[in-house]
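J.: Mind having a look at this structure? Questions to follow.
The values are calculated or read from the model by the stated rules, or taken from the named source; none is laboratory data. Because the structure is a prediction, the values reported are computed rather than measured. Here the Cβ positions follow ideal geometry from the backbone for every residue, glycine too, while neighbour counts run over all protein chains shown. Heavy atoms of the whole protein, side chains included, go into the accessibility calculation; ligands, DNA and RNA do not. Shrake-Rupley method; radii C 1.70, N 1.55, O 1.52, S 1.80 Å.
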Amino acid sequence: MAAEANNVASRSSLLLALRAAARTALIAFGLLLPLIAFRAVHDIRNELVLETRWPLFAAFVAIAFAGRLLWELLPRESLKIRLAAFARAPGQLLSAAAACLVLANVLRLAAKSLADTDAAIALAFTYLFAFATFAFVIGAVGAWVIRRYPAGTETGRQRRHQIGVGLRTGALGFLLVYPLMLFWLAGSQGSIKWIDNFGIQILIYVMLGWGLNIVVGLAGLLDLGYVAFYAVGAYSYALLAKSFGLSFWILLPLAGILAAFWGVLLGFPVLRLRGDYLAIVTLAFGEIIRLVLINWVDLTNGYAGISGVPRPSFFGIPFTDGPDGFAARFGLEFNAIYRTMFLYYVILVLALITAYVTMRLRRLPIGRAWEALREDEIACRALGINTTTTKLSAFAIGAMFGGFAGSFFAARQGFVSPESFTFMESAVIVAIVVLGGMGSQIGVAAAAIVIIGGTELMRELDVLKAIFGRDFDPTQYRMLLFGLAMVVIMIWKPRGLISTRTPSVFLKERKAVSGAHVREGHG
Amino acid sequence: MEVFVQQLINGVTLGSIYGLIAIGYTMVFGILGMVNFAHGDVFMVSAFIALIAFLILTSWIGAGLIALALVVVLIVAMAMTALLNWAIERVAYRPLRGSFRLAPLISAIGMSIFLMNFVQVAQGPRNKSIPPLFSEVIVLFTVDGYDVTVSYKQIAIWLTTGVLLLAFWYLVSKTALGRAQRACEQDQKMAALVGINVDRTISITFVIAAALAAVAGTMYLVHYGVVSFADGFTPGVKAFTAAVLGGIGSLPGAVIGGLAIGLIETLWSAYFSSDYKDVAAFSILIVVMIFLPQGLLGRPEVEKV
């Protein structure tokens, strides 16, 4: 009797799931029909003609159907519980890591005996499993630490704190030796790309993320035109260095001050606006700056940009191949990598200064006022906080760091053009802050590493080209994924990946507050 | 004088397109209190849908019966775009009701980026141009050899906008659906208590907004004859400016704002510099936000604790 009822229930649930999946497939059919099934292309006579892509379209609709069916049929609740238990068991995590390691090696060996395309795919999975091994090992260590030193006890807390400090010191040490290590491992030819694309590029975005984090994460003012300050910094350096021959070290603070000035200039008019209005006005401001850069050709050379921007020197000693150059002065053989390494350390120091200043500011009255402003503006005013100066200082300081990063960018590229300062660039920086967790320094840094490093890595991977065809350009999909990630993060974890809040001021002991308990912006 | 009249004609055409997009912003803002940042890109997608539908139809029925083909294109674009916006609301905005204030906006920004890049990947980054349609003109009058003209497509755009606005005005002010919408604008909880299906009303709002955006998208395609994946951003911001200028939440305000922005843009291009026409539009946005945040016809926003 019971079994029969069970059977009926499961059959009807299967039916319901099938119906839901069919509905999803139908919606996907309608949504994708115009833009996926057809493609408007210009033919040789430059007339628009239609291409059809029925197999691709069918595949997408099938994926929608299968995905919804799985979603409906999987026992999600029990899976969630099991996954949570799995993530807390160090032993199980370690065995998963071992399994992944074995799989990775099997695939690596198999790749050797396979044909070209298959080998590339096998190799891709090798990377994937190697990465999974790494992730599982870290997870296992984390789970072990959590189990060994429970947060409830005094020693546990102390140990956790020590481990945290140790990790931070370790990370800092790694960042310091990173270029030297690469140089030693890969030589000057092999390492320059890794220092430049992965080191400097990521650190610029970490710095921009931390700068914007002051405005968005701490003061709660969504700034969609942050790239304007980056542009102000870059053009200030480029123009002043070319016209007046001033050095990088004089112009760096000057660019920061100019950007901060523009930050105040933007801040003044938008003081009265809140939330979404403010976001749109900052966006308009960013666009105006970019349009002026494009159209004021006499000053900025328009679309063509400014080239031949002087490169930074080692405190007055240029990185050139000559008797006065850096290499000759220090008795080294000339090598282009010294400049790259120097730039790496400059941006590292700049980023660390940003982080340090932000951390200190949070403890000052102004920083606490920012955070209070983020939580409730009306309450702030009732308590006598001057919201004008609070907002303006957030804009100015955030913009200043953007200006620093901009002048560094100009010095590193030796070339600036309006194309580097589009709304999409602002969107990338906002995405970094939002995905990392608004207000969390570590989260923002991690998001920058994942997003920018991931983009660069996608460029490097030949595997994707082997799978999707020669002319496959993975960077095309970068912004597509960012957009999707922003939506998903807002729905799934609206506080970002690192969503706990550690209060800046506390009574007796510091307690991390889950982001879920903080309701902000309801003012 | 003749240049002025000509620019007036062009400006009203452009303004009609902005006005139709602006209604979408203003309706969604009215009912949800959020800036639907992706609306400009929904408009762009609708122009692409119209382009594809147009190409399919012309390859079937040939170059004759263009007018009939365009009517079909308009209806297809409206339906498909409505489905798209319905799905966007369902997936990206509905789960965020009751989340913190910036969450729906960030989600909308994500959606906007997604749509723009989806079209870029799916349809390629190049501008898509179609041969000019209805470019025959009527000469209104001639002064010193300068013809003041109005083209058939401009007349078609005005007529379509006018008819749609009337229909839309009837829908919002005279039908049960319109009453439900206005009730949800005032107080969603109370509306739910008196038996209004709030979720459905919001969905329908998004559907209507998308349908109007699709009309604008089709007209944009017919008028300019060219569309690219990046075409959602600037018209989107300008239409938002129009909505704010007219007073966000106010439907006649959106139309008036749209016409004003269209006129300002064309007159600015004609008399000052076309390079800075976008700067002019963006500056208006900033100036209006600062000095007239409630817009021409809007209600001032009251801060509540």
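J.: Run down B:71, B:139, B:119 and say which single residue is of a type outside the set (Phe, Trp, Tyr) and either closer than 24 Å to residue A:39 by Cβ or facing chain A (nearest Cβ under 9 Å) (or both). Reasoning before the result, please.
T.: Details: B:71 fails: either closer than 24 Å to residue A:39 by Cβ or facing chain A (nearest Cβ under 9 Å) (or both); B:139 fails: either closer than 24 Å to residue A:39 by Cβ or facing chain A (nearest Cβ under 9 Å) (or both).
Of B:71, B:139, B:119, the one residue that is of a type outside the set (Phe, Trp, Tyr) and either closer than 24 Å to residue A:39 by Cβ or facing chain A (nearest Cβ under 9 Å) (or both) is B:119.
J.: Which number in (1) open to solvent by 40 Å² or more (accessible area, probe 1.4 Å); (2) touching a Phe, Trp or Tyr at 6+ places or on another chain (Cβ under 6 Å); (3) more than 14 Å from every other protein chain (Cβ to nearest Cβ) marks the one condition that residue B:277 misses?
T.: Here residue B:277 meets the rest and fails (3).
J.: Could you list, in sequence order, all residues of the range B:70-98 that are within 19 Å of the chain's Cα centre (by Cα), under 22 Å from residue A:28 (Cβ atoms) and among the β-branched types (Val, Ile, Thr)?
T.: Initial filter on the range B:70-98 (within 19 Å of the chain's Cα centre (by Cα)): B:70-71, B:73-89.
Now restrict to residues that are under 22 Å from residue A:28 (Cβ atoms): B:75-89.
Of everything in the range B:70-98, those that are within 19 Å of the chain's Cα centre (by Cα), under 22 Å from residue A:28 (Cβ atoms) and among the β-branched types (Val, Ile, Thr) turn out to be B:75, B:76, B:81, B:88.
J.: Out of B:46, B:129, which single residue is more than 23 Å from residue B:205 (Cβ to Cβ) and polar (S, T, N, Q)? Break it down stepwise before answering.
T.: Values: B:46 fails: more than 23 Å from residue B:205 (Cβ to Cβ).
After applying the criteria, what remains is B:129.
J.: If you don't mind, another one. All but one of (1) open to solvent by 10 Å² or more (accessible area, probe 1.4 Å); (2) part of a helix (DSSP H, G or I) hold for residue A:246; state the number of the condition that does not hold.
T.: Only one criterion is unmet by residue A:246, namely (2).
J.: Aliphatic (A, V, I, L, M), open to solvent by less than 40 Å² (accessible area, probe 1.4 Å) and under 22 Å from residue B:93 (Cα atoms): does that describe residue B:215?
T.: On the way: aliphatic (A, V, I, L, M): yes; open to solvent by less than 40 Å² (accessible area, probe 1.4 Å): yes; under 22 Å from residue B:93 (Cα atoms): no.
No: the conditions fail for residue B:215.
Let's see how each residue does on (1) away from every other protein chain (no Cβ under 14 Å); (2) under 14 Å from residue A:408 (Cβ atoms); (3) touching a residue at least 24 places away in the same chain (Cβ under 8 Å):
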residue	(1), (2), (3)
A:228	no, no, yes
A:234	yes, yes, yes
A:243	yes, no, no
A:260	yes, no, yes
A:275	no, no, yes
A:287	no, no, yes
A:294	no, no, yes
A:300	no, no, yes
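J.: Given (1) away from every other protein chain (no Cβ under 14 Å); (2) on the phi < 0 side of the Ramachandran plot, where does residue B:286 come up short, assuming only one miss?
T.: It is condition (1) that residue B:286 fails.
J.: Still on this structure, please answer the following. Go through the range B:76-116 and report how many residues are more than 21 Å from residue A:424 (Cβ to Cβ), of a type outside the set (Lys, Arg) and facing chain A (nearest Cβ under 7 Å).
T.: 9
J.: Residues of the range A:293-325 being open to solvent by 20 Å² or more (accessible area, probe 1.4 Å), small (Gly, Ala, Ser) and part of a helix (DSSP H, G or I), which ones?
T.: A:304
J.: Let me ask you something else. Does residue A:238 qualify as being within 14 Å of chain B (Cβ to nearest Cβ) and buried (at least 24 other Cβ atoms within 10 Å of the Cβ)? It would help to see each step written out before you state the result.
T.: Details: within 14 Å of chain B (Cβ to nearest Cβ): no; buried (at least 24 other Cβ atoms within 10 Å of the Cβ): yes.
Against the criterion (within 14 Å of chain B (Cβ to nearest Cβ) and buried (at least 24 other Cβ atoms within 10 Å of the Cβ)), residue A:238 does not qualify.
J.: State yes or no: is residue B:204 without any contact (Cβ under 8 Å) to a residue 40 or more places away in the chain, open to solvent by 30 Å² or more (accessible area, probe 1.4 Å) and touching a helix residue (DSSP H, G or I) at 6+ places or on another chain (Cβ under 8 Å)?
T.: Working: without any contact (Cβ under 8 Å) to a residue 40 or more places away in the chain: yes; open to solvent by 30 Å² or more (accessible area, probe 1.4 Å): yes; touching a helix residue (DSSP H, G or I) at 6+ places or on another chain (Cβ under 8 Å): yes.
Answer is yes for this residue.
J.: Here is a further query. Quick one: count up the residues across the range B:238-257 that are of a type in the set (A, V, I, L, M) and surrounded by fewer than 24 Cβ atoms within 10 Å (Cβ to Cβ).
T.: Filtering the range B:238-257 down to residues of a type in the set (A, V, I, L, M) leaves B:239, B:242-245, B:248, B:251, B:254-256.
Narrowing the set further to residues that are surrounded by fewer than 24 Cβ atoms within 10 Å (Cβ to Cβ) leaves B:251, B:256.
Looking only at that region, the number is 2.
J.: Can you name every residue in the range A:152-192 that is polar (S, T, N, Q) and open to solvent by less than 50 Å² (accessible area, probe 1.4 Å)?
T.: Residues of the range A:152-192 that are polar (S, T, N, Q), as a first pass: A:153, A:155, A:158, A:162, A:169, A:188-189, A:191.
Passing the criteria: A:188, A:191.
Residue-by-condition table, conditions (1) closer than 15 Å to residue A:288 by Cβ; (2) out of contact with any helix residue (DSSP H, G or I) (no Cβ under 6 Å at 6 or more places or on another chain); (3) not aromatic (Phe, Trp, Tyr):
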| residue | (1), (2), (3) |
| --- | --- |
| B:249 | no, no, yes |
| B:254 | no, no, yes |
| B:261 | no, no, yes |
| B:266 | no, no, yes |
| B:269 | no, no, yes |
| B:282 | yes, no, no |
| B:286 | yes, no, yes |
| B:290 | yes, no, yes |
| B:295 | no, no, yes |
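J.: Which one of these does residue A:83 not meet: (1) modelled with pLDDT of 85 or more; (2) more than 30 Å from residue A:147 (Cβ to Cβ); (3) away from every other protein chain (no Cβ under 13 Å)?
T.: (2)
J.: Further question on the same structure: Report those helices (runs of 4 or more DSSP H) wholly inside the range A:326-419 carrying at least 1 residues which are farther than 19 Å from residue A:314 by Cα and open to solvent by 40 Å² or more (accessible area, probe 1.4 Å). Lay out the reasoning, then the answer.
T.: Working: elements: A:326-329, A:337-363, A:365-375, A:377-382, A:387-413.
In the range A:326-419, the matching helices (runs of 4 or more DSSP H) lie at A:337-363, A:365-375, A:377-382, A:387-413.
J.: Which of (1) within 8 Å of chain A (Cβ to nearest Cβ); (2) within 22 Å of the chain's Cα centre (by Cα); (3) under 30 Å from residue A:44 (Cα atoms); (4) open to solvent by 20 Å² or more (accessible area, probe 1.4 Å) is the odd one out, the single condition residue B:127 does not satisfy?
T.: (1)
J.: Moving on. May I ask you to say which residue of A:205, A:149 is open to solvent by less than 60 Å² (accessible area, probe 1.4 Å) and at pLDDT below 90? Working first, answer last.
T.: Numbers: A:205 fails: at pLDDT below 90.
The conditions single out A:149.
J.: Next question, about the same structure. Determine, yes or no, whether residue B:139 is open to solvent by less than 10 Å² (accessible area, probe 1.4 Å) and touching an Asp or Glu at 6+ places or on another chain (Cβ under 8 Å).
T.: On the way: open to solvent by less than 10 Å² (accessible area, probe 1.4 Å): no; touching an Asp or Glu at 6+ places or on another chain (Cβ under 8 Å): yes.
So residue B:139 does not fit the description; no.
J.: Now, a different point. Specify which of the listed residues (B:209, B:281) is modelled with pLDDT under 90 and within 30 Å of residue B:135 (Cα to Cα).
T.: On inspection, the qualifying residue turns out to be B:281.
J.: Report every pair of residues separated by at least 6 positions or lying on different chains whose Cβ atoms are under 8 Å apart, first residue within the range B:18-39 and buried (at least 24 other Cβ atoms within 10 Å of the Cβ), second among the basic types (Lys, Arg) and at pLDDT 90 or above.
T.: Matching pairs, first to second residue: B:18/B:238.
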